[in-house]
Amino acid sequence: MNQETLKYLTRYVWWEKPDEIIKKNPLRVIASAMRYANSVDSYKKLLEIGEYALKETLSKAQAGWFDKPSWHYWHYILYGLKTKIPPFPKRGFLQDSKDSKDSKDSKDSKDSSANSPFSGRLGSAKSAGEISSNDSVPMIADADIHTLLATKLKAICYEANYKDYLDIANILKHTSANLLEGLENVSKIFGEDYPLIQILKRLAFFEDGDLYKLQQDDKIILLQAIEATKPYFQPKTQENANCLNKPQ
């Protein structure tokens, strides 16, 4: 495991001394980064740990390590959009309370083991040419569409609102806008330090607020858009990525 990268990631385990937590529980360091690293630079740094270590962290995760949006997002990213999300790690009565600050996020969800939106489907969502009479895309200028997408993406960081998710899905489905450009516009309009990765995590989680109203096609559009951003965040060289993906 890349020790230099691991030490960098200890900033996300701020309640422990870096050297001690690396020695005691390196997977806890990785899990905290998977949950809290929401800037693009930090996210890219996290990926240097390698796919093997990220998957191992998910498989051995304890209660309080992840919040639900991060749990769903990383399973989709590492195992594919058709993966079945495993149950969210649940805190037991005898669980060590050292991570009690995260306990509010460790409640189990009745839908946590539900199938992916792709379950039972061989095809994908509608293409842009298959617009039905129920689809609603604002008839506004192309430049305004990009601004609208950025505004909607910003909004979902603060509240899970069905209308915002539906509008994002329709914009991505029926216009020239794409998610990566949308994220870049969030930075341009609302500030470079905006937590763009948090937007991706929220966009991959459909068990909050009134998001149960979302149709399967809309969920698929959102997940496919997230998947399309993956190459942007990959390690710089394939040789480096292959090396980091193997256990050491």
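Can you tell which of Ile221, Ile168 is among the β-branched types (Val, Ile, Thr), closer than 27 Å to Lys55 by Cβ and modelled with pLDDT of 95 or more? Reasoning before the result, please.
On the way: Ile168 fails: closer than 27 Å to Lys55 by Cβ.
That would be Ile221, the only listed residue that is among the β-branched types (Val, Ile, Thr), closer than 27 Å to Lys55 by Cβ and modelled with pLDDT of 95 or more.
What are the residue pairs meeting all of these: first residue in the range 144-159, first residue assigned by TED's automatic domain parsing to the domain that holds Ile171, second residue among the aromatic types (Phe, Trp, Tyr), Cβ atoms under 8 Å, and 6 or more apart or on different chains?
From residues that are assigned by TED's automatic domain parsing to the domain that holds Ile171, the pairs are Ala150/Phe190; Lys154/Phe190; Lys154/Tyr194; Ile156/Tyr165.
Does Lys24 count as free of Cβ contacts under 8 Å to residues at least 24 places away in the same chain and basic (Lys, Arg)? Explain how you work it out, then say what you get.
Numbers: free of Cβ contacts under 8 Å to residues at least 24 places away in the same chain: yes; basic (Lys, Arg): yes.
Judged against the criteria, Lys24 is a match.
Determine whether the range 3-11 contains at least one residue that is at pLDDT 95 or above, within 17 Å of the chain's Cα centre (by Cα) and not polar (S, T, N, Q).
There is no residue in the range 3-11 that is at pLDDT 95 or above, within 17 Å of the chain's Cα centre (by Cα) and not polar (S, T, N, Q).
So which residues in the range 184-201 are closer than 12 Å to Lys152 by Cα and either under 18 Å from the mean Cα position of the chain (by Cα) or of a type in the set (D, E, K, R) (or both), if there are any at all?
Val186, Ile199, listed by residue number.
Return the residues of the range 16-50 that are aliphatic (A, V, I, L, M) and more than 14 Å from the chain's Cα centre (by Cα); say none if nothing qualifies.
Within the range 16-50, the subset aliphatic (A, V, I, L, M) is 21-22, 27, 29-31, 33-34, 37, 40, 46-47, 49.
Once the filter is applied, which keeps residues that are aliphatic (A, V, I, L, M) and more than 14 Å from the chain's Cα centre (by Cα), the range 16-50 yields Ile21, Ile22, Leu27, Val29, Ile30, Ile49.
Among (1) closer than 21 Å to Pro86 by Cβ; (2) within 15 Å of the chain's Cα centre (by Cα), there is one condition Lys60 misses while meeting the rest; what is its number?
All conditions pass for Lys60, except number (2).
The values are calculated or read from the model by the stated rules, or taken from the named source; none is laboratory data. None of these values were measured; they are calculated from a predicted model. Cβ sites come from the backbone with ideal geometry, for glycine too, and all protein chains shown count toward neighbours.
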